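The values are calculated or read from the model by the stated rules, or taken from the named source; none is laboratory data. Keep in mind that what you see is a predicted model, and the values were worked out from it rather than measured. Methodologically, a virtual Cβ is constructed for each residue, glycine included, from the backbone with ideal geometry; neighbour enumeration extends over all protein chains shown. Side chains are part of the model used for accessible areas, which takes the heavy atoms of the whole protein and leaves out ligands, DNA and RNA. Shrake-Rupley method; radii C 1.70, N 1.55, O 1.52, S 1.80 Å.
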Amino acid sequence: MGQFVVRGGRRLEGTLRVKGAKNAALPIMAAAIMANDIVVLNEVPRLRDIDVMIQVLQALGAKVWWESAQLMIDPTSIDQYVVPAELMQQMRASLFVSGPLLARLGQAMVFQPGGCNIGDRPIDLHVDGLTKLGASSCTQQGQLILQANGLTGTDVHLSYPSVGATENIMMAAALANGETRIRNAAMEPEIVDLAQFLEMMGATIRGAGTSEVRIYGQPRLSGTEYTIIPDRIEAGSFALAVAAASGHLRIENCLVDHLPGLWGRLREVGVKVHEVDAETIEIIAPEQYRRMSVSLNTNPYPGFATDLQPQFMAFLLKVPGVHLISERVFENRLGHARELRRMGAQIAADQRVALIYGGHSLYGAKVSAMDLRAGAGLLIAGLQANDQTVIEGREIIERGYENFAGRLSAIGADVTLA
Ligand code: EPZ
């Protein structure tokens, strides 16, 4: 595995443009399976996870290629319904193709994605929703097999507002007969982006972004051109990097409204957050913070995003005081606390709750990224440490951050690849 090498203690200064959202691009690429003509996508980030989704679509028979900055998907030759296990094992989001495959081919076979470092990640809500639409499901040797002779719109009440399950059901329902109502749906901006893409293809969807989404199935969906929304988690990660390292950062192509749980928090501890306009924000962070206590719960949108929790924990190490983080989305997403302790951080944590004693200096160490967001958190801690930090697992971090070292270096950080 490659490494990031960070030498801390430098202010961040400059302007950064946010890339397209990985977690919007992945379901939208899966939804392209249902088009009867070419789909052209703009602002798709150049990431490992995107490369895996391209391989998944190609394995199904689609033609996928880059034309300079545009990603072209021609789904008209799709004739396979089995997602290769080795691709499923690389990326859980390959599961997103099961709804579209069911809708287009009447069949889908996906490898049961295993758990990962942040939790078991079951897929029961996906399977329940798709079977309610008329699919039959069975599992053989770890493979989930779904079959349907046509899908019929229905009511689906999610027991948890799962992002992926909401997206999978929404996509399958777009080609079902009749109306589907999803209650307790996830409300993340990536859901709204997927709905807007499906509507550009000819679907009729109401209520995306609220807890009740209605989809009126169509007989066919056409190709279209679409631009992916900016990546709010990348924007939040860079904002927390400058809050931890101190400095002045202008973040462009950042939809301010997509991070309702972050900006108020940063202002609370003394970071200046200036909304230049709806797509530009300026962060001015002090060298020191006054003593205080911060408590944070992660929750489904519009609550504080779980994908920013490790980065926020790393930032809190800079703020003198006792802080509490409660991770309420995933059952085991505090593993990075152990790695931060190797850098001198004073954190007590179990699987769900962490107590952080901020304001103590950090020293460089060799640490490992458990998942891509934990890796971003370790990088943010490295920006604060007095000397060199080596972060194992560069490829894991590059799943979600395009040219992370180059872009951090361009705003004053000392980050190199090894
Ligand atoms: C999406 O994952 C994101 N991934 C995750 O981002 C993000 O952390 C997560 O949503 C929550 O916001 C993509 O969009 C590709 P969930 P997803 O279904 O859809 C439980 C990143 O770093 N659950 O909302 O898998 C599950 O165990 C990634 O970019 C079930 O119980 O998240 C978890 O506790 C990490 N049964 C909770 O719901 C199911 O069938 C939230 O999961 C599905 C989920």
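Please work out how much length the chain gains when fully extended from A278 to T204, using 0.36 nm per residue of separation minus the C-alpha to C-alpha distance, in nm with one decimal.
On the way: separation 74, 0.36 × 74 = 26.64 nm, distance 2.73 nm.
Gain on extension, A278 to T204, equals 23.9 nm.
I need to check one value: relative contact order of the chain, counting alpha carbon pairs closer than 8 Å and at least 6 residues apart, in percent. Don't jump to the answer; show the numbers that get you there.
On the way: 1070 pairs, mean separation 86.6, N = 418.
Value for the chain: 21 percent.
Nearest 0.05, what FRET efficiency do E179 and E252 give at R0 = 41 Å with Cβ-Cβ as r?
On the way: r = 40 Å, r/R0 = 0.97.
Computed FRET efficiency for E179 and E252 comes out at 0.55.
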### Task
Measure off 7 Å from each Cα along the Cα-to-Cβ vector at D37 and Q147, then give the distance between these two points in nanometres to one decimal.
3.4
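Sort 43-53, 27-37 by the packing proxy (mean of other Cβ within 10 Å over each peptide's residues), most packed first.
Values: 43-53: 20.7, 27-37: 24.8.
In descending order of packing, they fall as 27-37, 43-53.
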#### Entry: Inter-site label distance for M72 and T139 at 7 Å from Cα along Cβ, in nm
4.1
#### Entry: Rough spin-label spacing in nm, given labels placed 7 Å along Cα→Cβ, for Y357 and L417
3.9
### Task
Search the structure for amide H atoms under 5 Å from the amide H of N177, placed 1.01 Å from N in the peptide plane, and list their residues when 5 or more places away or on another chain.
L151, T152, G153
#### Entry: Descending principal axes extents, segment 22-227, alpha-carbon based, whole Å
42, 37, 33
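Per the helix-only calculation at 222 nm, which mean residue ellipticity applies to the chain, given -39500 (n - 2.57) for every DSSP H run of n ≥ 4 and division by its residues, nearest 500 deg cm²/dmol? Before the final figure, lay out each step's value.
On the way: 14 runs with 126 residues, N = 418.
Estimated from H runs of four or more residues: -8500 deg cm²/dmol.
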### Query
With every protein chain left in place, what is the accessible area of H126 in Å² (1.4 Å probe, nearest 10)?
10
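Starting from the Cα-Cα distance between D79 and R291, subtract it from 0.36 nm times their residue separation and give me the gain in nm to one decimal. The partial results should precede the final answer.
Working: separation 212, 0.36 × 212 = 76.32 nm, distance 6.09 nm.
Net length gain for the segment: 70.2 nm.
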### Task
Please report, in cubic angstrom per residue, the volume enclosed by the convex hull of the alpha-carbon atoms of the chain.
121
### Query
Accessible area of L316, 1.4 Å probe, to the nearest 10 Å²?
0
### Task
Round to a whole angstrom and tell me the spacing of the C-alpha centers of segment 92-156 and segment 296-340.
30
### Query
Of the heavy-atom accessible surface of segment 22-227 (probe 1.4 angstrom), what whole percent is carbon and sulfur?
45
### Summary
At the level of C-alpha centres, the distance separating segment 21-58 and segment 172-241, in angstrom, is 14
### Summary
Of G164, G377, G178, the most mobile residue in a GNM of the chain (C-alpha springs, cutoff 10 Å) is G178
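For the chain, what is the accessible area per residue in Å² when the probe is 1.4 Å? Walk me through the numbers before you get to the answer.
Numbers: 15330 Å² over 418 residues.
Value returned for the chain: 37 Å² of accessible area per residue.
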## Note on the structure
Of G406, G153, G20, the most mobile residue in a GNM of the chain (C-alpha springs, cutoff 10 Å) is G406
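Whenever you get a sec, line up R121, R333 from highest to lowest accessible area (probe 1.4 Å, protein heavy atoms).
Values: R121 60, R333 10 Å².
Greatest to least solvent exposure: R121, R333.
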